[in-house]
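What follows is a set of notes on a single structure, which appears directly below.
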Amino acid sequence: LGEMGKIAFAYEDPVINYNFTAKNTTILQAWVGEESVSKIVDKGYRAIASPWNRYYLDCGNGSWLSNFEGNSWCDPYKGWQQIYSYNPLTNITDPEKQKLVLGGEVALFSAQSDETTVDRYLWPRTAAFAEIMWSGNIDPVTNTTREPSKVAPRLTDQRFRMVARGIMAGPLQPLWCIRHPEACLHPSAAT
């Protein structure tokens with residue numbers, strides 16, 4: 001591929017789980033779990049963060065197998081808070097290894113999604129993802145993780161802009177909570 005000006009892109013499994021040696025120019029998609037990104041960069045490869053337990057947007061609808069009453073393999077549903085709170089650079093302290101993390105990707109597979117559900121599944125959760133990929137979830141002023149209660153109004157405003165433009169983005173909260181945000185904090189997290 002290199003001779004043709006192409007770069008190989010693969011799932012992490014062959015390299016991480018089966019000790020396949022790929023060229024060091026290969027980009028690996030970290031999907032197996034949150035720890036996958038650090039495993040990939042520790043081996044010297046570039047990584048795209050896409051852990052199923054954070055970034056798979058079609059999960060949480062139960063099984064799509066008609067003869068199985070259980071959940072799908074990737075349940076539960078991933079709310080915007082789970083997406084927003086994941087930092088792909090966690091546990092990667094070496095600046096050179098951090099540079100190997102190229103970004104991230106949310107995934108929406110078509111097993112239980114189609115043109116009637118795609119907007120609701122993607123938005124505004126993908127907006128939360130985009131903010132994390134663009135600026136991280138660390139507040140540069142306080143050097144602390146941004147609190148979801150402080151992020152929610154901004155994402156809610158974005159959701160309303162999308163709906164006004166015909167994008168059928170799903171709601172983040174009930175309208176009552178949007179109007180009374182202080183009344184819709186979980187007791188263990190309220191300050």
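Miscellaneous remarks
- One decimal place: the segment ALA22-ASP75 gains 15.9 nm when fully extended, by the rule 0.36 nm per residue minus the C-alpha distance.
- With respect to the chain, whose longest principal axis is taken over its alpha-carbon atoms, helix 148-164 is tilted by about 80°.
- Karplus 3J(HN,Hα) series, Hz, for segment 71-77 with 6.51 cos²θ - 1.76 cosθ + 1.60 (x for Gly, Pro): 8, 6, 4, 10, 4, x, 4
- Calculated Rg and Dmax of segment 1-144 using C-alpha coordinates, Å: 16.7, 53
- Theoretical gain in end-to-end length, ALA164 to ASP94 [0.36 nm per residue, Cα-Cα removed]: 20.8 nm
- Of the residues ILE138, LEU155, LEU122, the one whose Cα sits farthest towards the positive end of the charge dipole of segment 107-191 is LEU155 (charges of +1 on Lys and Arg Cβ, -1 on Asp and Glu Cβ, taken about the Cα centre).
- FRET efficiency, ASP13 to ASP157 (Cβ-Cβ, R0 41 Å, nearest 0.05): 0.55
- Rounded to the nearest 20 debye, dipole of the chain from Cβ charges on Lys, Arg, Asp, Glu: 460
- Mean Cα-pair separation over length for segment 1-141, i.e. relative contact order, pairs under 8 Å, 6 or more apart, %: 21
- Net charge, SER36 excluded, C-beta distance under 12 Å - Lys, Arg +1, Asp, Glu -1: -2
- Within the chain, percent of DSSP bridges classed antiparallel, to nearest 5: 15
- Here the gap between GLU182 and SER66, fully extended at 0.36 nm per residue and compared with their Cα-Cα distance, gives a gain of 37.5 nm.
No lab work stands behind these numbers, since they all come straight from the coordinates. As the structure is a prediction and not an experimental result, all values here were calculated from the model. Cβ sites come from the backbone with ideal geometry, for glycine too, and all protein chains shown count toward neighbours.
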